[in-house]
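K.L.:
The following block contains the structure, expressed as C-alpha cells.
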Amino acid sequence: MNFIFKLIIYGIFMNSSFFLMNLLLDLNSNISLAIRNLGEILFNKNICFSELINVINSNIAINTNSVNIFSIDGLIKGTLSLSLLNLVLSYSFRYIMIKVFILLSPFAILSLTLNSTSWFFKTWFKNLFSLLFIQNIVSIILLILFSINYSQNNLFVKILYIGGIYSLIKANSFVREFLGGVSTNISQIVNNFSNFKL
C-alpha cells in the first residue's frame, strides 16, 4: 500500500515535472537578474558578457597595422581572446547540460518511488543545482568586474582583465568543489576524455 501511495504522489509530480523545472529556472533567473540589476543601478552599465567584451576591446587597443603577438599587449590580447573562447565553449556546454537534466527530470522524480533508486534523484538534483548556481556566481563576478575602475590604461588594469576572465572560467570549478556536480570546464573535459580508456 505504501508503494502504491508513493507511486501515485511521485507520478503526479512526474507529470508536472516540466512545470516544476520552469519554476526553478525562473527563480534562478530572477536571482541572477536581481544581481545584474543591482550592478546596473550602482555602475550605470549593462552587466553582461557582451558589455564586458566591449569594455575589454575599448581599453586594450592594439595597433592593427603592426600587431606583435610577442609584445605585452599582444600576449594579453591573445590570452584574453583564448580565454573568452574557452568561456563561450564552457557556458555553451553548461546550457546543453541544463537542457539534458531538465529532460531527465521526470525519470529523476520517478526514481524516488523506490529506496534503491532514490540515489538517482539526489545525484540529478545536486548536478542540476550546481549548474544553475554557476549562473549566480557568474553574475556576482561580473558585478565585481564592473565595479573596478578601468579608466587607467596600464599593465595592472590589463592583468585585472585577465584575472576577471580567469575567475569567470574557474567559477565552475569553485561551484563543483563547493557543491559537487558536473564539470563544464572544456580543458578538464578534454583531459578526462583523453584519459578515458576502453
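K.L.:
Tell me the net charge near Ser83. Cut-off is 15 Å between Cβ atoms, Ser83 excluded, with +1 for each Lys or Arg and -1 for each Asp or Glu.
P.N.:
Taking every Cβ under 15 Å from that of Ser83, the sum is +3.
K.L.:
Further, regarding this structure: Which FRET efficiency value, to the nearest 0.05, is calculated for Lys99 and Phe156 with the Förster distance at 45 angstrom and r the Cβ-Cβ distance? Let's see the in-between values first.
P.N.:
Details: r = 40 Å, r/R0 = 0.89.
Step by step, r from the Cβ atoms, then E = 0.65.
K.L.:
Treat the count of other C-beta atoms within 10 Å as a stand-in for reagent exposure and order Lys99, Lys158, Lys126 from fewest to most.
P.N.:
Lowest count first: Lys99, Lys126, Lys158.
K.L.:
Additional query: Using label points projected 7 Å from each Cα along Cα→Cβ, tell me how many nm separate Asn46 and Ser16, to one decimal.
P.N.:
If labels sit at Asn46 and Ser16, their model points lie 3.7 nm apart.
K.L.:
Turning to a different aspect of this structure: Expected output is a single nm value to one decimal: the length gained when fully extending between Leu89 and Phe107, i.e. 0.36 nm times separation in residues minus the C-alpha distance. What is it?
P.N.:
Contour length minus Cα-Cα distance gives 3.7 nm.
K.L.:
Once you place label points 7 Å from the Cα toward the Cβ at Ser173 and Asn57, how far apart are they in nm?
P.N.:
2.8 nm
K.L.:
Now for a different question. Of Lys126/Lys158; Lys45/Lys158; Lys6/Lys122, which sit over 27 Å apart, Cα to Cα?
P.N.:
Those over the limit are Lys126/Lys158.
None of the figures in this text is laboratory data; all of them are computed from the coordinates on show. Bear in mind that the values here come from a model prediction, so they are computed numbers and not experimental data. All Cβ positions, glycine included, derive from the backbone under ideal geometry; neighbour counts span all protein chains shown.
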